[in-house]
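Below: one structure, written as structure tokens.
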Amino acid sequence: MADGLDLYGEHGIDPSLDLFDEIERLKRARNAIILAHYYQEPDIQDIADYVGDSLGLSRQAAETDCDVIVFAGVHFMAETAKILNPDKTVVLPDLLAGCSLADACPPDRFQAFIDAHPGHKVVSYINCSAAVKAMSDVICTSSNAADVVRLFPADQPLIFAPDRNLGAYVQRETGREMVLWQGTCQVHEIFSEKKLMQLKVQHPDAAVIAHPECEPHILRHAEHIGSTSSLLGYVKDSDKREFIVLTEAGILHQMQKSAPDKTLIAGPPEGNCACNECPHMRRNTLEKLYLALRDLKPAIEVPEHIRVAALKPLARMLAKDLAAA
Ligand code: 13P
Ligand code: SF4
């Protein structure tokens, strides 16, 4: 782990420090808030001021009065926080923490796609770059995608990007045909239907729950489909005792904390890999988070013309969401 060892080199971390104590101390000194996604490693979730899904994290970013936001998530999430807070410092522990969905939708190709579909409004999943947000009419997350699509009159042609699986799920939920950009999440497309069937035989009473980024042949076996927050709520409130959880395995930490007496089984990936862990999310570590807070870098910057254009569809989503609350 050259990466990890380097962090303790010259100007790096003093190995005698208690990182949990130091992070708390720096947080107060910097007037900082730590926002973490459910897919972060357990230590990061435990030290965060708020742990949530993409919608909850965006709301927190929109409402905080702290001077510094440490975003323990991936690049598009920190970028969203910066779009909402141009005057605050937003740091991401590892600048290379990307997302296969955001990467699958380069702005130049997306502009050509929009141009090829005149008259269409553009609904973009928050898992995209600021430049793609800037080309969109409204942003959605997995918590509100169907409701956001229903904002448009039934005869309004729509483009949905960049996740084709979430898009197909929203089509089934709303009965709306949409033109789908063909992106996928590398974590959620890896689940094995055959192994899921075997697990169901071994655990006949387990509830199968899934994130809508999963492929349709996986989703058809789920009794509950929803965002990470929704899956967490389902485990907490359900009468069932066992759950097969088809999303990134990091969420199991909060699930087990909020329902310690329930049995959680991580959804089985193809092969013997740990590919139900997002390699981008997992680039962040407690050490890198400490350094980001100490050095206030790597900081996220968004060119002002893109930020202003991206803010509009984002604010539309947040306003809709507040009106519904
Ligand atoms: P939510 O937490 O909003 O459901 O998103 C899942 C995800 O894949 C984030 O990258
Ligand atoms: Fe992107 Fe999938 Fe990782 Fe979420 S889990 S950050 S959608 S690659």
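The values are calculated or read from the model by the stated rules, or taken from the named source; none is laboratory data. Worth saying up front: this structure is predicted, and the values here are computed from it rather than measured. Cβ sites come from the backbone with ideal geometry, for glycine too, and all protein chains shown count toward neighbours. In case anyone asks, the SASA skips ligands and DNA or RNA and just uses the protein heavy atoms, side chains included. Shrake-Rupley method; radii C 1.70, N 1.55, O 1.52, S 1.80 Å.
Values for this structure:
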{"quantity": "Any chance SER16 is away from ligand 1 (no atom under 16 Å from the Cβ) and either more than 24 Å from ALA102 (Cβ to Cβ) or part of a helix (DSSP H, G or I) (or both)", "calculated": "yes"}
{"quantity": "Residue selected from the stretch 28-45 under the condition touching a strand residue (DSSP E or B) at 6+ places or on another chain (Cβ under 9 Å) and free of Cβ contacts under 8 Å to residues at least 60 places away in the same chain, by the criterion farthest from ligand 1 (Cβ to nearest atom)", "calculated": "ASN31"}
{"quantity": "Any hit, the stretch 24-47, residues being among the hydroxyl-bearing types (Ser, Thr, Tyr), at pLDDT 95 or above and either surrounded by fewer than 13 Cβ atoms within 10 Å (Cβ to Cβ) or in a loop (DSSP other than H, G, I, E, B) (or both)", "calculated": "yes"}
{"quantity": "Boolean, LEU246 is in contact (Cβ under 8 Å) with a residue 60 or more places away in the chain, within 27 Å of ALA146 (Cα to Cα), within 13 Å of ligand 1 (Cβ to nearest atom) and surrounded by 23 or more Cβ atoms within 10 Å (Cβ to Cβ)", "calculated": "no"}
{"quantity": "Residue pairs meeting the criteria (Cβ under 7 Å; at least 6 apart or on separate chains; first closer than 16 Å to ALA131 by Cα and open to solvent by less than 10 Å² (accessible area, probe 1.4 Å), in the stretch 63-87; second of a type in the set (Gly, Ala, Ser) and more than 16 Å from ligand 2 (Cβ to nearest atom))", "calculated": "THR80/ALA61; ALA81/ALA61; ILE83/ALA310"}
{"quantity": "Qualifying residue in the stretch 90-106 (condition: closer than 16 Å to ARG294 by Cβ, within 16 Å of ligand 1 (Cβ to nearest atom), touching a Lys or Arg at 6+ places or on another chain (Cβ under 6 Å) and assigned to a loop (DSSP other than H, G, I, E, B))", "calculated": "yes"}
{"quantity": "Single match in GLU189, GLU213 (criterion: within 12 Å of ligand 1 (Cβ to nearest atom), open to solvent by 40 Å² or more (accessible area, probe 1.4 Å), assigned to a loop (DSSP other than H, G, I, E, B) and of a type in the set (Asp, Glu))", "calculated": "GLU189"}
{"quantity": "Residue in the stretch 166-182 that is away from ligand 1 (no atom under 16 Å from the Cβ), open to solvent by 70 Å² or more (accessible area, probe 1.4 Å) and in a helix (DSSP H, G or I) present", "calculated": "yes"}
{"quantity": "Condition met for GLN60 (among the polar types (S, T, N, Q), open to solvent by 40 Å² or more (accessible area, probe 1.4 Å) and within 16 Å of ligand 1 (Cβ to nearest atom))", "calculated": "yes"}
{"quantity": "Residue count, the stretch 50-89 (criterion: under 18 Å from MET281 (Cα atoms), not hydroxyl-bearing (Ser, Thr, Tyr) and not in a helix (DSSP H, G or I))", "calculated": "9"}
{"quantity": "Subset of the stretch 255-308 (residues that are among the polar types (S, T, N, Q) and either at pLDDT below 95 or open to solvent by 30 Å² or more (accessible area, probe 1.4 Å) (or both))", "calculated": "GLN256, SER258, THR263, ASN272, ASN276, THR285"}
